[in-house]
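None of the figures in this text is laboratory data; all of them are computed from the coordinates on show. The model shown is predicted, which means the values in this text are computed figures rather than measured ones. Cβ placement follows ideal geometry from the backbone for every residue including glycine, while neighbour counts extend to all protein chains displayed.
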Protein chains: 2
Amino acid sequence: MRQSQLFTKTRKEAPKDETSKNASLLIRGGFINKEMAGVYSYLPLGFRVLEKIENIIREEMNAIGGVEVLLTALQDPEPWKATGRWSDEVIDTWFKTKLANGTEIGLANTHEEPLANLMKHHIDSYKDLPVYAYQIQNKFRNELRAKSGLMRGREFLMKDLYSFTRDEKELEQFYEKCAEAYGKIFERTGIADKTYRTFADGGAFSKFSDEFQTLSEAGEDTIFIDEKKKLAINKEVYTDEVLDELNLKKEDLKEAKAIEVANIFKLGTKYSEPLGLIYKDESGNKIPVVMGSYGIGLGRLMGAIAEVHNDERGMIWPVSVAPFSVHILALPGGEEEAENIYKKMVAQNKEVLYDDRRDLSAGEKLAEADLIGIPQRAVVSEKSLKAGGVEVKMRNAEKEEIVPIEDLILKNV
Amino acid sequence: MRQSQLFTKTRKEAPKDETSKNASLLIRGGFINKEMAGVYSYLPLGFRVLEKIENIIREEMNAIGGVEVLLTALQDPEPWKATGRWSDEVIDTWFKTKLANGTEIGLANTHEEPLANLMKHHIDSYKDLPVYAYQIQNKFRNELRAKSGLMRGREFLMKDLYSFTRDEKELEQFYEKCAEAYGKIFERTGIADKTYRTFADGGAFSKFSDEFQTLSEAGEDTIFIDEKKKLAINKEVYTDEVLDELNLKKEDLKEAKAIEVANIFKLGTKYSEPLGLIYKDESGNKIPVVMGSYGIGLGRLMGAIAEVHNDERGMIWPVSVAPFSVHILALPGGEEEAENIYKKMVAQNKEVLYDDRRDLSAGEKLAEADLIGIPQRAVVSEKSLKAGGVEVKMRNAEKEEIVPIEDLILKNV
């Protein structure tokens, strides 16, 4: 993409009311726009990152048997009344609104109820199980405080998968499979090193749930990590009794701030029972379906990547989620050659951002490239051409090196 | 995909309260689920169709210079107050809700205001123009009556592009380019034959806007079509004076019901002026940006395809938007070979739905295949194998023919 066609401008300063580092960096780079607290639009560069994250998650969910659907934000109260979650006291982040005829409806903050309700049309017998359905869809949560940038959104994209299984054993098997898939997602998005599978409160059905917490000072959670075992425990369940049970030792644990990028829950029959989602087993017995839920916040994941991968000059995107893989900068004397290189790389389907703007100084272009943080920067100038090609610098490296033009085009070194 | 893993069940009857043919067919086939009037979830087959439509639209928007963004549903009232559209009397389909602190906010039914407002950060000079930004995003409209299935949604996916140009001439050029791109989209999605570019009311800035209307008894609009010129005029502007102006003759026109699948509008400075979206020209004069808007409803387009491509047995998807291109049915004596064929086709990245279910009769499988409407059906049975291969039938053809297995796998005949 030509930067002259990218409409976004970078900013030297973030808005004054933006206190979080992730949103501040991403707003300055022109990735996102703040509409109101906890509500962010994605601009072209940010949208590209979001798409990359989305595709990685989709691939890993499909690989474990997930089938994609798309549910709605608008919610009929009935199934929520059946499970007791329509009340604002039970779910304190409901956004509610009214149909033209006066009927009160809600905006979904999660989708256990509508999906379990829908499954009644499709699950009848043990032969129809298991089902693993997921979506990548907007959630709405009326957060009283939303000041952590992409970390705590009032409107945010979430991948939520729901498992429908015969029994706890089948649930348990999928639960571990999904935890593994989450590990792959964090590996692929570049936050695996800092992300801990974390024991957390399990709710009614199960003693523990699992959170995936990425170490960061920007996190809203406090966890205790065991670096050797690569496990952690959320402060909310941090008691001597629980430590014993989990075979974790106080002296091995370190307190840390962390961002909850994902969680997985065993739900049991908490929602299937009140909603009447039952199946017939081999003997014709009617048995409530056993459910699990598995969430990853896409914006939050992007925010976590931003918190982890940056320096004082801006973002340092991992290649896998970078909006482009190469950033070509045309500097004086290199304009014509830069144009050729850009065209050849695009013809090879390389993902290139090309700074073809004529009215910016070298310094401005270089500072902006650092702020945007594309993994590889390739400067084409009179100087680089004289030295034998293109001056290539990886965003996370100290030094640049001269690379022959053909090598850049063909190998994307 | 194995049909044993596709959780959806087809239904013999649509829900009683579903009066529209499109939703009735799509619900029976397991493509969508009705959550409430005008609010539909997409199930795996429907989601695949939606994705195909989305990709076609995305390709055509990118081809004319569109840059993709993703705006939010939640709306700060301020920019809407500035243009006078916050009032429920001006936009009578607002859904409004409240933040936890009591502030009233809205759910976007369109995005002129927030996008124009956002552009103030990015448009400064004539050098920053033109900008063509689009998104594929959920709209919310509090429709009093929502009884036409996917045709009139309270929550629905829309592709909305907004153009930001220097002047009317530049607007005009892009407007025609977008109209052409829309023609390609309707060509590619199989409704071009029945879709007419239609003169409609233009609002304040322009005498006419253009709608794209697909002929169908299910349509909510009445238009007058000129089949030779492949043009139409909406009843709302059908006067002798306008006919003269457009050089259309009453005797060449035929009244018809139609579905408005898309529209394009010249907005002029209607929104940029009150919002203060201005640019400086070469002489430093401050000039309001000239805008246009270009919408296509994805669900409505899917509904229009459903209305146009069906018979008494079910859907007949055009190949370009079909959830799968081939439907393999394993019938008695063909199970093993069907399994082999399926695996080989998947290995070649063919999009195959494979009916591997053991407990359904041949009649049930065939009827379901017709209802789902995948373009090519390939029956593998003892009989077909004896006859020399697979019994292939196109969904829109009368007869089946025996095709050697290798031909099906390699050529996807």
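Quick one: work out the % antiparallel among DSSP beta bridges in chain B, nearest 5. Around 80 percent antiparallel, to the nearest 5.
Axis angle, to the nearest 10 degrees, between helix B:44-63 and the longest C-alpha principal axis of chain B: 50 degrees.
Charge dipole of the protein assembly as shown (Cα centre as origin; +1 on each Lys and Arg Cβ, -1 on each Asp and Glu Cβ, all else neutral): 140 debye, rounded to the nearest 20. For the rotational copy pair A/B, the chain A residue whose Cβ lies nearest the symmetry axis, together with its distance in Å, is A:Thr97, 2.
The calculated FRET efficiency for the pair B:Lys286 and A:Glu13, based on their C-beta separation and a Förster distance of 25 Å, comes to about 0.55.
Derived scalar couplings between HN and Hα for segment A:397-404 equal 9, 7, 10, 9, 9, 7, 10, x Hz in order, rounded to whole Hz, by the Karplus curve 6.51 cos²θ - 1.76 cosθ + 1.60 (θ = phi - 60°), x for Gly and Pro. Ranking A:Val403, B:Met119, A:Met302 by Cα position along the charge dipole of the protein assembly as shown, where only Lys, Arg, Asp and Glu carry charges on their C-beta atoms, puts A:Val403 farthest toward the positive end. Let me make sure I get this right: for segment B:102-219, a, b and c are the square roots of the gyration tensor eigenvalues over alpha carbons, sorted descending. Under 1.5 in a/c it's rounded, otherwise prolate if a/b > b/c, else oblate. Which is it? Verdict is oblate for segment B:102-219. Projected label points at B:Asp193 and A:Glu241, each 7 Å from Cα along the beta carbon direction, are separated by 7.2 nanometres. Each copy carries a label point for B:Gly333 at 7 Å from Cα toward Cβ; from one copy, the others' points are 8.0 nm away, ordered from shortest. Shape class of segment A:123-173 from the Cα gyration tensor (axes a ≥ b ≥ c, square roots of the eigenvalues): prolate, since a/c reaches 1.5 or more and a/b is larger than b/c.
With a/c under 1.5 counting as rounded, go ahead and sort the protein assembly as shown into rounded, prolate or oblate using the C-alpha gyration tensor (a ≥ b ≥ c being the square roots of the eigenvalues; past the cut-off, prolate if a/b is larger than b/c, else oblate).
Values: a/c = 1.36, a/b = 1.04, b/c = 1.31.
Taking the square roots of the gyration eigenvalues as a ≥ b ≥ c, the protein assembly as shown is rounded.
Normalised by the number of residues in chain A, the mean separation of alpha-carbon contacts (under 8 Å, six or more apart) gives a relative contact order of 16 percent.
Using the charge dipole of segment A:251-334 (Lys, Arg: +1 at Cβ; Asp, Glu: -1 at Cβ; taken about the Cα centre), state which of A:Ala322, A:Pro288, A:Pro332 has its Cα farthest towards the positive end. Result: A:Pro288. For segment B:123-129, the Karplus equation 6.51 cos²θ - 1.76 cosθ + 1.60, evaluated at θ = phi - 60°, returns couplings of 10, 10, 10, 4, 5, 7, 10 Hz by residue, with Gly and Pro reported as x.
Return the ratio Rg/(2.2 N^0.38 Å) for segment B:1-53, where Rg is computed over Cα atoms only. Provide the component values of the computation, followed by the final result.
Numbers: Rg = 11.1 Å, N = 53, 2.2 N^0.38 = 9.9 Å.
Relative to the rule-of-thumb radius for its length, segment B:1-53 sits at 1.12.
Rounded to the nearest 20, the Cβ-based charge dipole of segment B:276-413 about its Cα centre (Lys and Arg +1, Asp and Glu -1) stands at 500 debye. Relative to the other identical copies, B:Glu227 shows label-point distances of 8.0 nm, where the label point lies 7 Å from Cα along the Cβ direction and values run shortest first. Ignoring lysines fewer than eight residues from A:Lys254 along the same chain, the ones with Cα atoms less than 17 angstrom from its Cα are A:Lys194, A:Lys228, A:Lys229, A:Lys230, A:Lys235. Scaled against the 2.2 N^0.38 Å expected of a compact globular protein of N residues, the Cα radius of gyration of segment A:77-156 reads 1.31. Using a cut-off of 30 Å between Cα atoms, the listed pairs A:Lys52/B:Lys280; A:Lys139/B:Lys177; A:Lys52/B:Lys139; A:Lys139/B:Lys207 include A:Lys52/B:Lys280; A:Lys139/B:Lys177; A:Lys139/B:Lys207 as exceeding that distance. Across all directions, the average flat footprint of the convex hull enclosing the Cα atoms of segment A:324-411 is 5.0 nm². Partner shielding of B:150-159 amounts to 1, given as the average count of beta-carbon atoms from other chains within 10 Å of each residue beta-carbon. When the charge dipole of segment A:324-411 is built from unit charges on Cβ atoms (+1 for Lys and Arg, -1 for Asp and Glu) and taken about the Cα centre, the candidate among A:Leu366, A:Val346, A:Leu385 whose Cα reaches farthest toward its positive end is A:Val346.
All C-alpha to C-alpha distances of segment B:1-134, sorted into 5 Å bins beginning at zero, yield P(r) values of 2, 8, 12, 12, 13, 14, 15, 12, 7, 4, 2, 0, 0 percent in whole numbers.
Entry note, segment B:198-287: relative contact order of 35 percent, from Cα contacts under 8 Å with a spacing of 6+ residues.
Label zone (A:Lys120, point 7 Å along Cα-to-C-beta; backbone nitrogen cut-off 20 Å) within segment A:282-321: A:285-292. Considering helices alone, the calculated mean residue ellipticity of chain A at 222 nm is -8500 deg cm²/dmol, with DSSP H runs of length four and up weighted by -39500 (n - 2.57) and normalised per residue. Neighbouring Cβ atoms from other chains, within 10 Å of the Cβ of residues in A:39-46, number 6 on average. Each peptide in A:399-406, A:22-29 gets a packing score, the mean of other Cβ atoms within 10 Å over its residues, and the list from highest to lowest is A:22-29, A:399-406.
A label point on B:Ala347, set 7 Å along the Cα-to-Cβ line, lies at 3.6 nm from each of its counterparts in the other copies, closest listed first.
Using the alpha-carbon positions of segment A:195-283, Rg (one decimal) and Dmax (whole number) come out as 16.0, 55 Å.
Lysine pair count for segment A:324-411 with Cα-Cα distance under 23 Å and sequence separation of 8 or more or different chains is 24. Legend: calculated FRET efficiency, B:Ala179 to B:Glu401, from the Cβ-Cβ distance at R0 = 35 Å, rounded to 0.05, equals 0.30.
For chain A, the spread of Cα positions along the three principal axes, ordered from largest to smallest, is 80, 60, 45 Å.
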